[in-house]
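Colleague: Dumping the structure here so I can ask a few things about it.
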Amino acid sequence: MTSLRIGPIEVGTPVILAPMAGVTNAPFRTLCRDAAAGALPPERAAELEGNLAPVGLYVAEMVTSRALVERTPESMRIISHDEGEGVRSVQLYGVDPATVRAATRMLVTEDRADHIDLNFGCPVPKVTRKGGGAVLPWKSELFTAIVSAAVEATAGSDVPVTIKMRMGIDADHLTYLDAGRRAQDAGVAAVALHARTAADYYSGTAHWDAIAALKEAVTDVPVLGNGDIWSAEDALAMVAHTGCDGVVVGRGCQGRPWLFADLVSAFAGSDARIQPGLGEVASVIRRHADLMVAHFGEELKALRELRKHMSWYLKGYVVGGEARAALGMVSTLDELDERLGALELAQPYPGEGAEGPRGRAGTPKVPHVPQGWLDSRAIDAGLREMLAEAELSVSGG
C-alpha cells in the first residue's frame, strides 16, 4: 500500500474526503474515519500507530475567510473538530489575499487546524458570479497572490497548505495546468484536481486524462485526483490511469461512509468490501443521528440536518415511497427509531442498486462570471473593487 505525504503529514492510505457543504461536518467525518480505521490491516495499524492520519484525511466543510476572520458563529462551528480527529483539516474560500492571509494566520496561531486547503473548485453561481471558486484561477496573478498569502501565513508552523481546483471555467478557458505550476511554485504541499470544468458542473464523465496531464506538469508535490470515484475499484482505476498520488472522494461516499473501509482495503491489496444489509444501514443512520445531536446540541436541528442523507443511505434498498418520505421528515430521535423499526431490516445488500453515481449530477451550465471577467487574465480597478465585497455574499458554509 502506498502512503501519501502532505508536508509533514504522512497519510498511510492515500485517500481524502472532499469537503462538501452541509455534508462533511464533524459527525459525518467521524463515520468515515471510523469505517476506514476498522478496515486497516492489523500489521499496518501497528506500523502506523501514533501517526496523525493513518487512514486518510477528512476535510471539513468550506468556510469563507471573511466569515472566519469575523468569527461568525457558523464559521466557528464549521471549523470545530472532534477530539478523535488526528488531523484537523479546514478548507478556506477567499478572493482577497489579505483576508485569506488573516484567516490562515488565525487558524495557525490559535492552533485550530493541522492542514489548510484552499477552494478553487466550487462551481455554484453565488460563488462564481463574484469571481470565486472554479473561475478564480483565470485571474492568474490574483490566484498566485491568494495561494502565496496562505503559504506565507503558515511560515514557522507545521501546517501544510493544499489547493483543490477544477480544470477551468469551460473548455475554452482551461486553467488547471498553469494554476498547478503556480501553486507548486508558491509552496503548496499538494494539488488536487476535480476533473471537470465549472461549466460541466457535476454532469457527464470526469476527464481523468486531465489529472494525468497535471501529474506530468506538477512534479515536486503530490497530485490528487477527484471525480467519479463511486467504488474502491474506481479509485484504483484512477491511480492506474493517471499516475496520481492519491484520490479525493466526494459524492461517492454520500450515504456510504463505509466506502472508506473499502478504499483502505483496496489500497492494502485486499478485495474485502462492506456490503451492509438494511439493518446495518439503519444502525449507521441511528449513530449518525446521535453524533449530529451531540454536535449541534439541539435535537430538531440535528434531525433536520440528517434528512438530506436519508435518500443516499436508502439507495437501492426496498423501501416504499411513503416510508422514504416519512424518514425524510424526521424531527426527533423517537420518530427516527419508530420509522427505522418499521422497515424490513432483514433485507440483504441489494448489490448494483446501492452502488454507482449518487447525488444530483445536473446538466452542464453556462458559468456565471463577473462582467468582463473573461476579457483578460489580469485584474482591473473595477474588478478589484468588486472582489473586495465578494465574500460578503457567500455563506460561511
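Colleague: Would you mind telling me the share, in percent, of accessible area of region 161-203 contributed by carbon and sulfur at probe 1.4 angstrom?
Modeller: Numbers: 520 of 1220 Å².
Accessible surface attributable to carbon and sulfur in region 161-203 totals 42 percent.
Colleague: If packing is taken as the mean number of other Cβ atoms within 10 Å per residue, what is the order of 248-260, 199-211, 137-149, highest first? Before the final figure, lay out each step's value.
Modeller: Values: 248-260: 24.8, 199-211: 18.8, 137-149: 21.5.
So the order, starting with the most tightly packed, is 248-260, 137-149, 199-211.
Colleague: If you average the C-alpha positions of region 15-38 and of region 323-392 separately, how far apart do those two centres end up, in angstrom?
Modeller: 16 Å
Colleague: On a 0 to 90° scale, report how tilted helix 26-39 is relative to the longest principal axis of the chain, with both axes built from alpha carbons and the result rounded to the nearest 10.
Modeller: The two axes meet at around 70 degrees.
Colleague: Related question: Need one number: convex hull volume per residue for region 103-203, Cα atoms only, in Å³.
Modeller: Numbers: hull volume 9.6 nm³, N = 101.
Convex hull volume per residue, Cα atoms: 95 Å³.
Colleague: Quick one: how many Å² of Val319 are accessible to a 1.4 Å probe, rounded to 10?
Modeller: 20 Å²
Colleague: How are the C-alpha pair distances of region 212-317 spread across 10 Å bins, as whole percents from the shortest bin up?
Modeller: Histogram of Cα-Cα distances, whole percents per bin: 14, 35, 29, 17, 6.
Colleague: Let me ask another. Cα-based Rg of region 269-314 per 2.2 N^0.38 Å, rounded to two decimals? Walk me through the numbers before you get to the answer.
Modeller: On the way: Rg = 13.1 Å, N = 46, 2.2 N^0.38 = 9.4 Å.
Rg over 2.2 N^0.38 Å, computed on Cα atoms: 1.39.
Colleague: Then there's this: Given a Förster radius of 41 Å and the C-beta distance between Ala268 and Glu70 as r, what FRET efficiency does 1/(1 + (r/R0)^6) yield to the nearest 0.05? Spell out each step's value before the answer.
Modeller: Details: r = 44 Å, r/R0 = 1.07.
Using R0 = 41 Å, I get an efficiency of 0.40.
Colleague: Jot down the per residue volume, in cubic angstrom and as a whole number, of the convex hull over the alpha-carbon atoms of region 166-205. Don't skip to the answer; put the middle values down first.
Modeller: Working: hull volume 2.4 nm³, N = 40.
In region 166-205, the Cα convex hull volume per residue is 60 Å³.
Colleague: Here's something else I'd like to know. Ignoring everything except DSSP H segments at least 4 long, calculate the 222 nm mean residue ellipticity for the chain; use -39,500 (n - 2.57) per segment, divide by total residues, nearest 500.
Modeller: -11500 deg cm²/dmol
Colleague: For region 146-245, take the alpha-carbon Rg, divide it by the Kirkwood Rh, and send me Rg/Rh.
Modeller: Values: Rg = 13.8 Å, Rh = 13.9 Å.
On the Cα set of region 146-245, Rg over Rh gives 0.99.
Colleague: How much accessible surface area, in Å² rounded to 10, belongs to the heavy atoms of Leu387 with a 1.4 Å probe?
Modeller: 10 Å²
Colleague: May I ask for the percentage of alpha-carbon pairs in region 229-289 that lie more than 13 Å from each other?
Modeller: Values: 1153 of 1830 pairs.
Tail of P(r) above 13 Å: 63 percent of Cα pairs.
Colleague: If you average over every viewing direction, what projected area does the convex hull of the Cα atoms of the chain give, in nm²?
Modeller: On the way: hull surface 73.5 nm².
Averaged projected hull area, Cα only: 18.4 nm².
Colleague: May I ask what percent, to the nearest 5, of DSSP beta bridges between residues of the chain are antiparallel? Mind dumping the intermediate values first?
Modeller: Numbers: 4 of 35 bridges.
Restricted to the chain, the bridges split so that about 10 percent are antiparallel.
Colleague: Based on a Kirkwood Rh over C-alpha pairs, give the Stokes-Einstein translational diffusion coefficient of region 187-256 at 20 °C and viscosity 1.002 mPa s in µm²/s.
Modeller: Translational diffusion coefficient: 174 µm²/s.
Colleague: Work out the P(r) tail for region 268-397: percent of alpha carbon pairs separated by more than 17 Å, whole number.
Modeller: Working: 5868 of 8385 pairs.
Value for region 268-397 (Cα pairs over 17 Å): 70 percent.
Colleague: Working from Cα positions, state the angle (0 to 90°, nearest 10) between the long axis of helix 208-217 and the longest principal axis of the chain.
Modeller: Approximately 40 degrees, to the nearest 10.
Colleague: If you don't mind, another one. How much length is gained if the chain between Lys126 and Arg304 is pulled fully straight, taking 0.36 nm per residue apart and subtracting their Cα-Cα distance, in nm to one decimal?
Modeller: Values: separation 178, 0.36 × 178 = 64.08 nm, distance 2.36 nm.
Taking Lys126 through Arg304 to full extension adds about 61.7 nm, to one decimal.
Colleague: In terms of the ratio Rg/(2.2 N^0.38 Å) built on C-alpha atoms, what value belongs to region 137-185?
Modeller: Here the Cα radius of gyration is 1.23 times the empirical estimate.
Colleague: Tell me the per residue accessible area of the chain using a 1.4 Å probe; a whole number in Å² is fine. Display every interim value, and only then the final one.
Modeller: Numbers: 15700 Å² over 397 residues.
I get 40 Å² per residue for the chain.
The values are calculated or read from the model by the stated rules, or taken from the named source; none is laboratory data. Since this is a predicted model, take the numbers as computed values, not measurements. Ideal geometry is used to build each Cβ from the backbone, glycine not excepted, and the neighbour counts take in all protein chains shown. Side chains included, ligands, DNA and RNA excluded: accessible areas come from the protein's heavy atoms. Shrake-Rupley method; radii C 1.70, N 1.55, O 1.52, S 1.80 Å.
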